[in-house]
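Engineer: If you scroll down you'll find the structure; I have some questions about it.
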Amino acid sequence: MICRNNSIKNFWMIFFGVVALIAIASAIVIGVVASNRVATMRMSVIDDENTYKISQENGYRRSLYLACDSMKNLDANLGKIASSGDTAHQTEMLAKVVIHANQVNQSLSNLPFQDSDNISACQKFVNQTQDYATYLLGKLSRGEQLTEGERMALRNLDDVATNLYNFLQGYAESDSGMFITNGNGQNNVGNLSDSLNEVDSKTFEYEKLIYDGPFSESVEEKVLKTDNKISHADGAKIVSEIFGENKFVSEINNKGLFYLYDTEKGRVYLAANGKVAQYEAYNEQSGESVVDCDKCISKAEEFCNKLGYDVKGVWISKTQDFVTYVNCAPVIDGVIIYPELIKVAVDSTSGEVVGLEARAYILNHQDRQISFGNVTEEQAKSAVMPRLKVTNIAKALIEKGEKQHLCYEFQCQDGDRQYYVYVDSTSGKEIDIFKVIENTEGYTVI
């Protein structure tokens, strides 16, 4: 009875939280998140000098980019729920589905569409997904479990979300992705309606519903506290030993004190404790990718070791614009230490490192005693859904919220979808699950 009451209490807490978050999401749907997205994606050139048109166009573009982001998150969470065996985790992700579906709906409502069957089908899909997630939240609150049929329904919805995300992302990044400027649109409608009408109607097919995301964000709220602060002059000597001649530019107080230096090859951000936090090369290479992934990993590890970071390459993304992105982390007694992740960018035409971001390592690094739990590999594997085919097993220290967990990391396949499932080595329970999303940005773990 106590478990039942706690479950109901947790549901209503989540339910009211979702309602509040939906209200907030609706109010800021074209706010800061969309603005950041616009800042990082290539905008098509606007030649029209009419200020009102330009402003209206930019508003449409912000809504389109937010729709892309929300659809990507909707896609990821649908797949993760279908592959999760932990009720608490399912509840958390279903709440996110409700929020992201609402954001997609709000964003699409701000875009100029002409009515069509495919647009109606798209809106119906988003509405039903939101309602279905709410229905499943209620079921879990009553202590019931998801059935295999409900998991299949979630996977079908996931397929549709993937297709819609691919379409929206492709349209947003295309030169024709304009609404009212450069002659691409008439009557404030643009090309999006026509492009969506060309989408195969089978994209929206899913079974009738009965009633129908690794760890690189762990440093966002942390602040670097430096006990042994060096001067920027001493910092220049450290930078000189690694990068050569340099010039001090400024101090930066951004969740900690950092010194910025210009070198011949690029900019270096040095933490006040003398550790290189970030490196950005000036030159941008182009040509043919001739350096393979193994060589890129080797180059990334070598560069990190040169900076005093004892790490190994643990994840590599797709090469994009002749740059291969390698995630490196310490490995202690065979355990990957994800909270100390370092991101390294390697030029795949020359093999030179052209970027590094090591703030997570600097913030989280400590001497660690690894004491793995008593749950065996086979016992932990039983927490992974039988539908998932385990292709690789590793050990990892992960961070969720403010807690760290020693886990088994199961790399899994479900058809052409890839997941990472983390099972606690002490409790044997699923702690986290990530879906690998392939897009124009490479491979993203969500």
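Engineer: Please go through the range 230-244 and give me each residue that is within 15 Å of Tyr279 (Cα to Cα) and not aliphatic (A, V, I, L, M), ordered by number. Give the steps one after another, and end with the answer.
Structural biologist: Going residue by residue through the range 230-244, those that are within 15 Å of Tyr279 (Cα to Cα) are 235-236, 238-244.
Correct list: Gly235, Ser240, Glu241, Phe243, Gly244.
Engineer: Continuing with the same structure: Got a sec? Which of Val239, Val290 is β-branched (Val, Ile, Thr) and at pLDDT 90 or above? Working first, answer last.
Structural biologist: Working: Val290 fails: at pLDDT 90 or above.
Criteria check complete, one pass: Val239.
Engineer: Please count how many residues of the range 334-391 are outside any helix (DSSP H, G or I) and among the acidic types (Asp, Glu). Give the derivation first.
Structural biologist: Narrowing the range 334-391 to residues outside any helix (DSSP H, G or I): 334-337, 341-358, 365-376, 382-391.
Filter once more, so that each one left must be among the acidic types (Asp, Glu): 347, 352, 357, 367.
Residues meeting the conditions: 4.
Engineer: List the number of the failed condition for Gln369; all other conditions in (1) closer than 22 Å to Ile393 by Cα; (2) modelled with pLDDT under 90; (3) surrounded by 17 or more Cβ atoms within 10 Å (Cβ to Cβ) hold.
Structural biologist: If we test Gln369 against (1) closer than 22 Å to Ile393 by Cα; (2) modelled with pLDDT under 90; (3) surrounded by 17 or more Cβ atoms within 10 Å (Cβ to Cβ), just (3) comes out false.
Engineer: Confirm whether Gly59 is surrounded by fewer than 23 Cβ atoms within 10 Å (Cβ to Cβ) and at pLDDT below 90. Break it down into steps so the answer makes sense when it comes.
Structural biologist: Details: surrounded by fewer than 23 Cβ atoms within 10 Å (Cβ to Cβ): yes; at pLDDT below 90: yes.
Answer is yes for this residue.
Engineer: Additional query: Have a look at Ser382, Ser350 and point out the one that is of a type in the set (Ser, Thr, Tyr) and outside the structural domain of Lys435 (by TED's automatic domain parsing). Explain how you work it out, then say what you get.
Structural biologist: Details: Ser382 fails: outside the structural domain of Lys435 (by TED's automatic domain parsing).
Going through Ser382, Ser350 in turn, the sole match is Ser350.
Engineer: Moving on to the next point. Scanning the range 230-270 for residues that are touching a helix residue (DSSP H, G or I) at 6+ places or on another chain (Cβ under 6 Å) and under 20 Å from Ala300 (Cβ atoms), which turns out surrounded by the fewest Cβ atoms within 10 Å (Cβ to Cβ)?
Structural biologist: Keep residues of the range 230-270 that are touching a helix residue (DSSP H, G or I) at 6+ places or on another chain (Cβ under 6 Å), which gives 246, 248, 259, 261, 263, 268, 270.
When the remaining residues are screened for being under 20 Å from Ala300 (Cβ atoms), the result is 263, 268, 270.
Numbers: Thr263: 18, Val268: 25, Leu270: 27.
In this case the residue turns out to be Thr263.
Engineer: Given (1) assigned to a loop (DSSP other than H, G, I, E, B); (2) at pLDDT 90 or above; (3) closer than 24 Å to Ile393 by Cβ, identify the lone condition not met by Gly274.
Structural biologist: (3)
Here is a yes/no grid of residues against (1) surrounded by 21 or more Cβ atoms within 10 Å (Cβ to Cβ); (2) of a type outside the set (Val, Ile, Thr); (3) on the phi > 0 side of the Ramachandran plot:
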| site | (1), (2), (3) |
| --- | --- |
| Tyr309 | yes, yes, no |
| Ile316 | no, no, no |
| Cys328 | yes, yes, no |
| Leu341 | yes, yes, no |
| Asp347 | yes, yes, no |
| Glu352 | no, yes, no |
| Arg359 | yes, yes, no |
| Val384 | yes, no, no |
| Ile393 | no, no, no |
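The values are calculated or read from the model by the stated rules, or taken from the named source; none is laboratory data. Model, not experiment: these values are computed from the prediction. With ideal geometry, Cβ positions are generated from the backbone for all residues, glycine too; neighbour counts draw on all protein chains shown.
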